[in-house]
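Taking it in order: structure first as structure tokens, then the write-up.
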């Protein structure tokens with residue numbers, strides 16, 4: 001249970017980090033919070049020859065919120081995002097989902113961007129990024145690109161990051177006007193890996209009927225799966241919507257795998273239950289937000 | 001492979017400390033083996049049990065999920081730092097003793113450290129102590145195989161009471 005030897009790098013700038021990444025190539029691994037990487041190293045499931053600790057690189061510990069959304073730097077801890085009042089105002093789903101990431105003590109060290117780069121299909125934050133059509137800012141020596149969640153998650157524990165690239169920040173778009181969100185998951189114990197999880201987003205039109213309903217699923221495939229369930233919701237007000245129809249539609253479209261924790265059939269069942277739960281709650285929240293927006297719609301909330 | 005050894009300087013329980021260790025030395029092992037502070041216990045070494053919890057710049061973290069070299073120039077508080085300089089028990093330790101919140105004691109250092117931060121944060125927010133829900137969430141990452149947790153939960157509330165009394169004696173709190 002001791003990590004294997006590695007060469008430690010502690011670059012003092014992003015530029016220096018990129019130089020080290022370019023030199024170490026596939027032998028190098030970035031260390032941010034380490035809450036997923038270090039257990040894997042302790043169990044000798046991962047043995048990177050070079051660890052590049054970015055905690056001293058500077059400029060990455062930045063959490064910026066605007067009315068457009070939340071930008072989270074690469075070394076911002078999950079606990080900070082969870083507690084931040086401005087983040088909650090702009091995109092409350094981040095707090096609700098982060099509360100399911102391991103335990104509070106782990107979130108004090110674990111980072112949001114690290115969780116995305118780890119690309120665990122059981123991870124909550126990749127599903128949130130995918131649901132919100134968020135993006136990840138990626139840099140390498142002399143290059144910079146913005147990657148969508150859809151393109152970033154390449155498979156279980158696999159992102160589309162090249163060996164010489166560093167994910168410097170993630171952007172989570174704000175909750176739109178007249179919209180609500182919700183997160184729920186089923187795990188054997190709170191804080192354990194999700195057997196199945198779901199993040200839901202409901203948007204209402206001017207007449208407060210469901211205009212869009214989407215759900216992203218955790219632990220239901222190699223990558224976060226996002227379903228558009230708008231049609232199945234039937235364009236009614238949230239209170240008059242039969243969310244179980246959306247659940248049925250989701251069950252028909254998902255193809256979960258089986259493992260030691262759950263059969264495929266049980267996962268499909270849970271996905272349906274959680275679909276109805278998160279859409280119902282997101283719909284009620286959207287209605288509440290629109291109602292308190294009072295004709296001027298929820299512009300006043302922002 | 002010959003490993004590079006680093007001079008690791010940090011502050012532990014208010015005292016500047018240093019020792020030499022390779023980069024792969026976990027903070028938990030550094031505290032125990034290199035600094036001789038064996039109060040921090042090591043259970044699972046993959047972040048599940050919570051026995052190795054220490055405060056890093058005031059925030060509770062798993063010392064088994066951090067390399068000592070990453071803690072350079074930071075402040076660490078271990079269970080040894082929770083009591084008075086004369087060896088007397090701190091308020092959280094007293095509460096655990098009064099409420100019989102430990103049996104074998106192996107998990108206790110991790111609980112004491114996590115609970116210290118939990119109660120401190122609630123009080124810093126201007127409240128008497130953490131709510132029941134906050135207590136359950138706050139200790140959810142620490143495993144105890146003896147007590148069944150009931151007395152630990154009681155001890156967290158008792159610790160908040162003791163801190164309030166202590167604060168009142170100091171005239172710092174109403």
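Data overview
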read-out: Search result, residues across the range A:70-88 that are buried (at least 16 other Cβ atoms within 10 Å of the Cβ), more than 13 Å from chain B (Cβ to nearest Cβ) and in contact with a strand residue (DSSP E or B) (Cβ under 9 Å, 6 or more places away or on another chain); value: A:70, A:71, A:72, A:73, A:74, A:76, A:81, A:84, A:87
read-out: Among the residues listed as A:34, A:56, the single one being within 11 Å of another protein chain (Cβ to nearest Cβ), at pLDDT 95 or above and at positive phi; value: A:34
read-out: Single condition residue B:119 does not satisfy, out of (1) within 15 Å of the chain's Cα centre (by Cα); (2) more than 23 Å from residue B:167 (Cβ to Cβ); value: (2)
read-out: Residue that is in the same structural domain as residue B:23 (by TED's automatic domain parsing) and surrounded by 15 or more Cβ atoms within 10 Å (Cβ to Cβ), where the choices are B:60, B:130; value: B:60
read-out: Leading residue by the ranking (surrounded by the most Cβ atoms within 10 Å (Cβ to Cβ)) among those in the range B:29-53 that are under 23 Å from residue A:53 (Cβ atoms), under 13 Å from the mean Cα position of the chain (by Cα) and within 13 Å of chain A (Cβ to nearest Cβ); value: B:53
read-out: Hey, residue A:113 surrounded by 24 or more Cβ atoms within 10 Å (Cβ to Cβ), closer than 30 Å to residue B:111 by Cβ and in the same structural domain as residue A:152 (by TED's automatic domain parsing) or not; value: no
read-out: Residue satisfying all of: in the range A:89-102; surrounded by fewer than 23 Cβ atoms within 10 Å (Cβ to Cβ) and within 14 Å of chain B (Cβ to nearest Cβ); nearest to residue A:39 (Cα to Cα) among these; value: A:101
read-out: Residue satisfying condition, being more than 27 Å from residue A:192 (Cα to Cα) and either more than 8 Å from chain A (Cβ to nearest Cβ) or modelled with pLDDT of 95 or more (or both), within set B:26, B:56, B:10; value: B:10
read-out: Residue match in the range B:14-23 (condition: within 18 Å of the chain's Cα centre (by Cα), away from chain A (no Cβ under 14 Å) and part of a loop (DSSP other than H, G, I, E, B)); value: yes
read-out: Any hit, the range A:59-69, residues being within 14 Å of chain B (Cβ to nearest Cβ) and touching a strand residue (DSSP E or B) at 6+ places or on another chain (Cβ under 8 Å); value: yes
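The values are calculated or read from the model by the stated rules, or taken from the named source; none is laboratory data. This one's a predicted model, so the numbers in the text were calculated from it and none came from an experiment. Methodologically, a virtual Cβ is constructed for each residue, glycine included, from the backbone with ideal geometry; neighbour enumeration extends over all protein chains shown.
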